[in-house]
Amino acid sequence: MAMAARFWLLSLTLSVSVVGLVRGNSESDALYTLRKSLSDPDNVLQSWDPTLVNPCTWFHITCNQDNRVTRLDLGNSNLSGHLVPELGKLEHLQYLELYRNNIQGTIPAELGNLKSLVSLDLYNNNISGTIPPSLGKLKSLVFLRLNDNRLSGPIPRDLVGLASLKVVDVSSNDLCGTIPTSGPFEHIPLSNFENNHRLEGPELLGLASYDTNCS
Ligand SMILES: *[C@@H]1O[C@H](CO)[C@@H](O)[C@H](O)[C@H]1NC(C)=O
Ligand SMILES: *[C@@H]1O[C@H](CO)[C@@H](O)[C@H](O)[C@H]1NC(C)=O
C-alpha cells in the first residue's frame with residue numbers, strides 16, 4: 001500500500017475511534033453503572049468492558065440487529081448489591097433476569113421506562129421497599145415475578161391496566177392491602193400471592209380479624 005493511502009487509512013481509523021469514544025454508548029454506561037453497584041464474587045461480569053464500542057459482546061447481554069440491548073441474563077449468579085436507576089435507559093430491553101441472587105435495596109421507579117420489557121424476573125433476592133406504581137407503564141409486560149423478597153406496601157393498582165400480563169408472582173414478601181381481581185389479575189392463582197401476612201384475598205373479604213392496614 002502506498003504511504004499516502006496508509007496514512008489516510010490510519011487517520012480515518014483514528015477519527016472513527018475518537019468519535020466513538022466521544023459519543024460513548026449510553027447502554028454500556030448504564031450497564032457499567034450496574035456492574036459497579038454489584039458485588040460479583042464469581043466474576044460473572046468480568047467481560048463487561050465499558051471501553052468497547054457497545055455492550056453486545058459482553059457475557060449475559062443480548063442485543064438486537066441494531067446493537068441495542070434486549071436481554072440481561074444474570075439469574076443464579078451469586079450477585080449482591082443494588083439495582084440502579086440507569087437500567088431504565090435500556091429502552092429496547094425485553095428480558096431483565098436477575099432472579100436467585102442476593103440483591104438488596106429497592107426496585108428503581110425508572111424500570112417503568114422500559115417500554116419493551118416482556119419479563120421482569122427479580123424473584124429470590126433480598127429486595128425491600130415497595131413495588132413502584134411506574135411498573136404500570138410496562139405495556140409489553142407478560143411476566144412479573146417478584147416472589148421471595150422483602151417487598152412491602154400494596155400491590156399498585158396501576159398494574160391492573162397491563163393487558164399483556166399473564167404471570168404475576170409476588171408470594172413470600174411482606175405486602176399488605178388487597179389482591180386486585182380485575183384485568184389480568186382475574187387469571188392469576190391465589191397461591192401466587194400467598195405468604196404475605198397482611199395481604200387480603202377476595203376469599204377472605206369480611207374476615208375483620210385480618211390486619212391489612214397498608215399505611
Ligand atoms: C457465592 O459467593 C460467596 C462469596 O461471597 C462464595 O463463598 C460462594 O462460594 C459463592 N457461591 C457459589 C455457588 O458460587
Ligand atoms: C438482606 O438485607 C438486609 C439489609 O437490607 C441484611 O441485613 C440481611 O442480612 C440480608 N439478608 C441476606 C440473607 O443476605
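Within segment 117-137, residues that are modelled with pLDDT of 95 or more and within 16 Å of ligand 1 (Cβ to nearest atom) have Cβ atoms under 6 Å from residues that are among the polar types (S, T, N, Q) and in a loop (DSSP other than H, G, I, E, B) in these pairs: Asn125/Asn101; Asn125/Asn149, counting only partners at least 6 apart in sequence or on another chain.
Within segment 101-122, can one find any residue that is in a loop (DSSP other than H, G, I, E, B), closer than 23 Å to Ser47 by Cα and not hydrophobic (A, V, I, L, M, F, W, C)? Checked segment 101-122: at least one residue is in a loop (DSSP other than H, G, I, E, B), closer than 23 Å to Ser47 by Cα and not hydrophobic (A, V, I, L, M, F, W, C). In segment 22-74, the residue that is nearest to ligand 1 (Cβ to nearest atom) out of those that are touching a residue at least 40 places away in the same chain (Cβ under 8 Å) and of a type in the set (Ser, Thr, Tyr) is Ser39.
Quick check on Leu141: is it crowded, with 22+ Cβ neighbours inside 10 Å and either acidic (Asp, Glu) or more than 15 Å from ligand 2 (Cβ to nearest atom) (or both)? For Leu141, the condition - crowded, with 22+ Cβ neighbours inside 10 Å and either acidic (Asp, Glu) or more than 15 Å from ligand 2 (Cβ to nearest atom) (or both) - is met.
Residues checked against (1) within 16 Å of ligand 2 (Cβ to nearest atom); (2) at pLDDT 95 or above:
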residue: Val22; (1), (2): no, no
residue: Leu38; (1), (2): yes, yes
residue: Leu45; (1), (2): no, yes
residue: Trp48; (1), (2): no, yes
residue: Thr51; (1), (2): no, no
residue: His60; (1), (2): no, yes
residue: Leu72; (1), (2): no, yes
residue: Leu79; (1), (2): yes, yes
residue: Leu90; (1), (2): no, yes
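For Leu87, state whether it is over 23 Å from Gly177 (Cα atoms) and assigned to a helix (DSSP H, G or I). Spelling it out, Leu87 is indeed over 23 Å from Gly177 (Cα atoms) and assigned to a helix (DSSP H, G or I).
The values are calculated or read from the model by the stated rules, or taken from the named source; none is laboratory data. Just so we're clear, the structure is a prediction, and the values are computed from it rather than from any experiment. Cβ sites come from the backbone with ideal geometry, for glycine too, and all protein chains shown count toward neighbours.
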